[in-house]
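Read-outs throughout are calculated quantities, based only on the coordinates presented, and are distinct from any laboratory measurement. Everything numeric in this text was worked out from a predicted model, so none of it was measured. We place every Cβ from the backbone using ideal geometry, glycine too, and count neighbours over all the protein chains shown.
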Amino acid sequence: MKRIRICEEHCIGCGLCEVHCVVQHSRSRNIIRAFREERDGIVPGVKVERDGHLSFALQCRHCEDAPCIEACMTGAMHRDPETGAVLCDTERCVGCWMCIMACPAGAVQRGASGKVASKCDLCIGEDVPVCVANCPNEALVLEDDGDD
Amino acid sequence: MPEWLTQAEFVIERDPERCIQCKVCVRQCANEVHRFDAELGEVFSDSDKCVGCHRCVSLCPTNALSVRQVELDFRSNANWTPQAIRNIYKQAEQGGVLLTGMGNPEPLPVYWDRMLLNASQVTNPSIDPLREPMELLTYLGAKPTRLKYEGGDEPRLETELGPQLELQVPVMFSTMSYGSISYNASLALARAASEVGTYANTGEGGLHAGIRPFAKNMIVQVASGRFGVDADYLNAAAAVEIKIGQGAKPGIGGHLPGEKVTAEISATRMIPLGTDAISPAPHHDIYSIEDLRQLIYAIKETTRYRKPVGVKIAAVHHIAAIASGAVRAGADFVAIDGYRGGTGAAPTMIRNNVGIPIEFALAAVDARLREEGIRQDASLVVAGSFRCAADVVKAIALGADACYIGTGALVAMGCHLCQKCYTGRCNWGIATQDPYLTRRLNPNIAVRRLVNLLESWRHEIKEIMGGMGINAVESLRGNRDHLRGIGLTDRELNALGIQMAGE
């Protein structure tokens, strides 16, 4: 499956990945409208972690043995059979936050509504996730590990 | 004392309709121009500190920012230009020498723009480089005056050739030290040179262990500070260059402030951590051509005569005599740096007012070496602002063997010529050692861009040569018949050794 490799040494901490993630997951898909009208309703699936001059952009690792799927009591957290991505079915999520507790990367967050989990979906429908496509320093790289 | 007379050089315009308060500009400006006011939830800009590097403009995802140069902030006066007034205010407030970076930006004539190239029409056929072979291979080093063969069915060359540098394209990356530029930038230049088959130059920065694997595509420099020089360093590289002068600051030494001498730089330059790296203005063991000869031969001995040894000099008055002396002293190539050559830091007055144009220096040196019958003893490398493939072709037609590009290479890596290299706060991650800023230059991207640049110039040089009906760079070299001058006086045409357009 396709995986995003984080090149920590090239991350410049600009936060453009977060910006484009918000746009991609907005209704309008228009950067200005997304930030004007929908910003509060979207939690970006990628987060830039910063400490001094070090930074890296972290999103769900879509683990092979995903602890969040194990921990989910409703089956909302599941693996997409086609892409292999770990996705959250918000219709089934009850907001127990066991996925957040179980995630070793801290990549699952509470959604903006505060009721369901929110996470990276590897940009459904896009060949290249927008955080990868818009990183100005190629600190996020899309790799195909060959496994389906 | 408040700097109340100094006014902002740039004004930042933020389109409130487009700004989404994403704070990318805040994070990207090392000069702290953009500031997020958490209470108001808004980003504000302080134009005073802006250096016009356009980092924020380039990264703004909504194109909400533009940076404009302030033009009408002084009463107009053709003599007292805003820059002249600003310089005086700055010096009156702070005292001291005005510092700057990059090459001479003054509106002085660029003679490349006053020379035009020839093309074939009717009487001689032009060549299509996509269909016919076109040779750009260039060898730098002393050439024999005549070749001796051993006859027979399979002739064998008897003459022993001196060491040569083999260039796939007659363009090399100019002298830029690790210290003046970041490790990532140095690494990118070395990697790109080895990918294309040309050379990068260490400058006086020593050879970092990480760059050593690319040393066969590096020219190492021996400058007046002798930083990082030992037998191992000299033997690791493809060639050695003795730096006498630099186009941006002829007659001036260098000074890398102690705060930039990090652990890595101190190891590479072989100097104590945190100490100023001072390169004296002259080499204190070179006060004559004879002294220069001693150093050249000391290096040749150390490298067992296996590496070409060159001399880099700044283009100044009597350059022809100086270059001739360098060749007679045993230089295998002479690099001449014109007055538009770049620098990481130089006194503004020196950069803007000392030296001569590379066009005249090259024409004079090539002519002089030919007159004296020693042109074959050394190759000529020219530097000092080669902006495009046409500049390179014109230089070769005027007599150069190859060109050095420094600023052009930096621009390819993202430099926006803000001329603030000396502050160490390069927002593009090039002329800085700040670990927060150096990350901004991903060497993989930089290598790709540098290789693209040289590849495109290679194609363009071939196209231009093809149009002239020339199929090898050897036939173009010193072929001034293919140059014509426009808007030049008789004396300028004579000095350049070219005819006027229409002749």
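Between residue A:2 and residue A:141, the simple spin-label model (points 7 angstrom out along Cα→Cβ) gives 1.7 nm. Using alpha carbon centroids, what distance separates segment B:462-503 and segment B:33-62, in Å? Using only Cα atoms, the two centres lie 48 Å from each other.
Charge dipole of segment A:63-119 (Cα centre as origin; +1 on each Lys and Arg Cβ, -1 on each Asp and Glu Cβ, all else neutral): 320 debye, rounded to the nearest 20. Between B:308, B:271, B:109, the Cα set farthest toward the positive side of the dipole of chain B (charges on each charged residue's Cβ, about the Cα centre) is that of B:271. Only aspartates and glutamates eight or more places from residue B:462 in sequence, or on another chain, were considered; those with a Cα closer than 15 Å are B:128, B:132, B:135, B:391, B:474. Volume per residue for the protein assembly as shown equals 224 cubic angstrom (convex hull of Cα atoms). Applying the criteria of a DSSP loop state and at most 14 other Cβ atoms within 10 Å to the trypsin sites (Lys or Arg not before Pro) of segment B:147-240 yields B:148. Spherically averaged projected area of the convex hull of Cα atoms, segment B:10-96: 7.4 nm². Within the protein assembly as shown, DSSP assigns beta bridges of which about 55% are antiparallel (rounded to the nearest 5).
Here the dipole of segment B:172-310 is about 340 debye; that uses its Cα centre as origin and unit charges on the Cβ of Lys and Arg (positive) and Asp and Glu (negative). Taking +1 at the Cβ of each Lys and Arg and -1 at the Cβ of each Asp and Glu, which of B:88, B:182, B:453 sits farthest along the dipole of chain B towards its positive end, judged by Cα position relative to the Cα centre? Toward the positive end, the furthest listed residue is B:182. With contacts taken as Cα pairs under 8 Å at a separation of at least 6 residues, chain A carries a relative contact order of 33 percent. In plain terms, if you count all Cα to Cα distances in segment B:294-408 and split them into 5 Å steps from zero, the share in each step is 2, 12, 22, 22, 18, 14, 8, 2, 0 percent.
Taking 20 Å as the cut-off, the amide N atoms of segment B:463-485 that come nearer than this to a point 7 Å along the Cα-to-beta-carbon line of residue B:376 belong to B:472-480.
The trypsin sites (Lys or Arg not before Pro) of segment A:42-148 meeting both criteria, a DSSP state outside H, G, I, E and B (loop) and at most 14 other C-beta atoms within 10 angstrom of the site's C-beta, are A:92, A:115. Here the Karplus curve 6.51 cos²θ - 1.76 cosθ + 1.60, taken at θ = phi - 60°, turns the phi angles of segment A:7-13 into couplings of 9, 4, 5, 9, 6, 9, x Hz, with x standing for Gly and Pro. Dipole magnitude for the protein assembly as shown: computed about the Cα centre from +1 point charges on Lys and Arg Cβ and -1 point charges on Asp and Glu Cβ, it is near 1000 debye. Working note: Karplus 6.51/-1.76/1.60 with θ = phi - 60° gives segment B:434-451 the couplings 5, x, 6, 8, 5, 4, 5, 9, 7, x, 4, 5, 4, 4, 4, 5, 5, 5 Hz, where Gly and Pro are set to x.
Taking all Cα-Cα distances within chain A, those exceeding 24 Å account for 31%. Across chain B, the longest run free of exposed loop sites, meaning chymotrypsin sites (Phe, Trp or Tyr not before Pro) lying outside DSSP classes H, G, I, E and B with no more than 16 other Cβ atoms within 10 Å, spans B:81-286.
Computed on segment A:63-119, the Cα convex hull volume stands at 75 Å³ per residue.
Per residue, the average separation of C-alpha pairs within less than 8 Å and at least 6 apart gives segment B:26-103 a relative contact order of 16 percent. Cross-link reach is defined here as a Cα-Cα straight distance under 21 Å, omitting same-chain residues fewer than 8 places apart; for residue A:115 the lysines meeting it are A:47.
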